[in-house]
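A.B. asks: Take a look at the following structure, please.
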Amino acid sequence: MVSRFRGQDILSSEQFDLSALDEIFSVVDRCVPIANGSLKTDVLSGAVLGSLFFEASTRTRLSFDAAFMRLGGSVSATTGVTFSSIVKGESIKDTGRVVGGYFDICVFRHAHEAALEEFANASEVPVINAGNGAGEHPTQALLDIYTIHKEFGKRKKRIEGSCIVLAGDLRYGRTVHSLAKLLSLYGAAEIRLVSPRGLRLPEVIEEKLRDSGHKVSIFSSLEEGLLSSDLVYMTRVQKERIPLAERADHECESFVLDRKLADKVMKKDCVIMHPLPRDSSAGAHDLSDDMDDDDRIAIFRQSDAGVPVRMALFACVLGVEDELEKSSVSPKWTKVRSRL
């Protein structure tokens with residue numbers, strides 16, 4: 001069956017509906033044994049990915065690269081504006097047109113939201129959004145929803161009817177923006193938006209949640225917002241995106257989710273997620289690492305889902321999703337440890 005995403009750009013969570021998520025997740029499940037090294041494939045042998053990260057990234061960049069190489073493809077990467085011709089004055093449009101002639105597909109991250117559309121419009125090959133400023137991060141949202149389904153499945157829960165908390169920097173946190181758009185596809189749930197002063201979710205996304213039938217509540221107190229929740233999606237404050245003149249408006253007394261607070265107000269079967277990285281600096285308002293051995297923590301299973309989800313997108317966009325099983329064989333190496 002030909003995927004609806006064959007040859008398409010993947011730029012926004014708004015490209016997906018529930019049937020599209022089902023299609024992608026069925027491919028993700030087939031990619032898991034390849035992602036964890038139980039099987040190997042060369043289904044993308046000869047294909048070359050342009051991995052273009054003009055903004056800092058470690059996990060996302062390596063996840064995309066690993067996903068493409070697990071499918072047998074090759075990766076050509078650039079990281080940082082200082083290592084590109086952009087410092088010489090070349091436009092994003094020209095960059096997109098030129099490098100689109102080198103590769104079979106491109107992954108693109110940039111600090112400015114508008115740069116993504118300019119690059120994609122100029123590129124002659126499909127482009128996948130790996131994060132455009134404070135705009136969106138659709139592949140993170142896909143792995144987030146995939147993780148939610150897996151974690152809720154273990155607990156015999158559904159998104160519909162659950163209490164879901166989106167907490168932290170909801171204004172500049174692009175992962176939250178994309179996740180909220182996917183959550184708007186599902187039946188009514190209670191969505192709590194919990195953020196420090198000045199970091200509320202953009203109104204247009206908040207209204208999208210309300211218009212889809214969700215009960216949306218606003219909290220500034222983390223303790224109140226977490227009470228009796230089924231899922232908590234915690235994010236760090238995006239300090240690098242907050243204008244210096246506005247930083248005083250975004251200060252908060254305490255926005256730390258630690259073991260003490262979790263045990264006080266959260267249910268034992270709650271799921272705690274985080275898109276990573278966490279802010280581990282002194283006094284940071286984020287998810288504390290004293291939660292790491294708590295059964296409610298799903299952040300590393302969430303992170304592990306990144307490779308098979310991105311593999312599935314590559315397979316669908318490049319039209320090889322139906323070749324995965326036929327091309328997969330057992331590897332000659334033995335992987336010491338696997339969590340997938």
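Rule-based calculations on the coordinates, nothing more; no lab input. What you see is a predicted model; the values in this text were computed from it and never measured. Reconstructed Cβ throughout: ideal geometry from the backbone, glycine too, with neighbour counts over all protein chains shown.
A.B. asks: Within the set 150/332; 40/157; 260/335; 157/264; 181/264, which residue pairs have Cα atoms separated by over 26 Å? Show your work: numbers first, answer last.
C.D. replies: Numbers: 150/332 30 Å; 40/157 33 Å; 260/335 37 Å; 157/264 22 Å; 181/264 31 Å.
Flagged as over cut-off: 150/332; 40/157; 260/335; 181/264.
A.B. asks: Rounding to the nearest 20 debye, state how big the charge dipole of region 138-301 is about its Cα centre with +1 on each Lys and Arg Cβ and -1 on each Asp and Glu Cβ.
C.D. replies: Values: 27 positive and 28 negative charges, 116 e Å.
Here the size comes out at about 560 debye.
A.B. asks: Nearest 0.05, what FRET efficiency do residue 76 and residue 335 give at R0 = 30 Å with Cβ-Cβ as r?
C.D. replies: Working: r = 26 Å, r/R0 = 0.87.
Between residue 76 and residue 335 the formula returns 0.70.
A.B. asks: Mind listing the phi-derived Karplus ³J(HN,Hα) values for region 174-181, rounded to whole Hz, using 6.51, -1.76 and 1.60 with θ = phi - 60°, and x for any glycine or proline?
C.D. replies: With coefficients 6.51, -1.76 and 1.60, one gets 5, 5, 5, 4, 5, 5, 4, 5 Hz.
A.B. asks: Put +1 on the Cβ of each Lys and Arg and -1 on the Cβ of each Asp and Glu in region 138-301; which of 235, 266, 189 then has its Cα farthest toward the positive end of the dipole?
C.D. replies: Ranked along the dipole, the leading option is 189.
A.B. asks: Between residue 263 and residue 211, what length comes free when the chain is fully extended (0.36 nm per residue of separation minus the Cα-Cα distance, one decimal in nm)?
C.D. replies: Contour length minus the Cα-Cα distance gives 15.4 nm.
A.B. asks: Quick one: which residues, 5+ away or cross-chain, put their amide H under 5 Å from the amide H of residue 214? H built at 1.01 Å from N.
C.D. replies: Amide H neighbours of residue 214, under 5 Å, 5+ apart: 189.
A.B. asks: To the nearest Å, what is the center-to-center distance of region 32-46 and region 108-147, using C-alpha atoms only?
C.D. replies: Each part reduced to its Cα centre gives a spacing of 24 Å.
A.B. asks: Name all residues of region 159-174 having a backbone nitrogen under 20 Å from the label point set 7 Å from the Cα of residue 228 along its Cα→Cβ direction, giving them as ranges.
C.D. replies: In region 159-174, the label zone of residue 228 (backbone N under 20 Å from the point 7 Å along Cα→Cβ) covers 159-167.
A.B. asks: Using Cα-Cα distances under 8 Å and only pairs 6 or more residues apart, what relative contact order does the chain have, in percent?
C.D. replies: Values: 666 pairs, mean separation 76.6, N = 340.
Reported relative contact order: 23 percent.
A.B. asks: So what's the angle, to the nearest 10 degrees on a 0 to 90 scale, between helix 306-317 and the longest Cα principal axis of the chain?
C.D. replies: 50
A.B. asks: Take 296, 155, 174 and order them by how many other Cβ atoms sit within 10 Å, fewest up front. Walk me through the numbers before you get to the answer.
C.D. replies: Numbers: 296 18, 155 14, 174 24.
Ranked by crowding around the Cβ, least crowded first: 155, 296, 174.
A.B. asks: Between residue 188 and residue 17, what is the FRET efficiency for a Förster distance of 22 Å, r being their Cβ-Cβ separation, to the nearest 0.05?
C.D. replies: On the way: r = 17 Å, r/R0 = 0.78.
Taking R0 as 22 Å, the efficiency between residue 188 and residue 17 is 0.80.
A.B. asks: When a footprinting reagent is the concern and you count Cβ atoms within 10 Å, what order do 69, 311 take, fewest first?
C.D. replies: 69, 311
A.B. asks: Further question: So how tilted is helix 113-122 from the main axis of the chain? Cα-based, degrees 0 to 90, rounded to 10.
C.D. replies: Taking the Cα atoms of the chain, the angle to 113-122 is about 20 degrees.
A.B. asks: So, one more: If you count the DSSP beta bridges with both ends in the chain, what percent of them are antiparallel, to the nearest 5? Don't skip to the end; give the middle numbers.
C.D. replies: Values: 1 of 36 bridges.
Approximately 5 percent, going by the DSSP bridge assignments.
A.B. asks: Another question, then. Residue 111 versus residue 94, label points 7 Å from Cα toward the beta carbon: distance in nm?
C.D. replies: Inter-label distance under the simple model: 2.1 nm.
A.B. asks: Where does each of 152, 54, 68, 300 land when they are ranked from fewest to most other beta-carbon atoms within 10 angstrom? Each step should come with its number before you reach the end.
C.D. replies: Values: 152 17, 54 22, 68 25, 300 12.
With the fewest neighbours first, 152, 54, 68, 300 line up as 300, 152, 54, 68.
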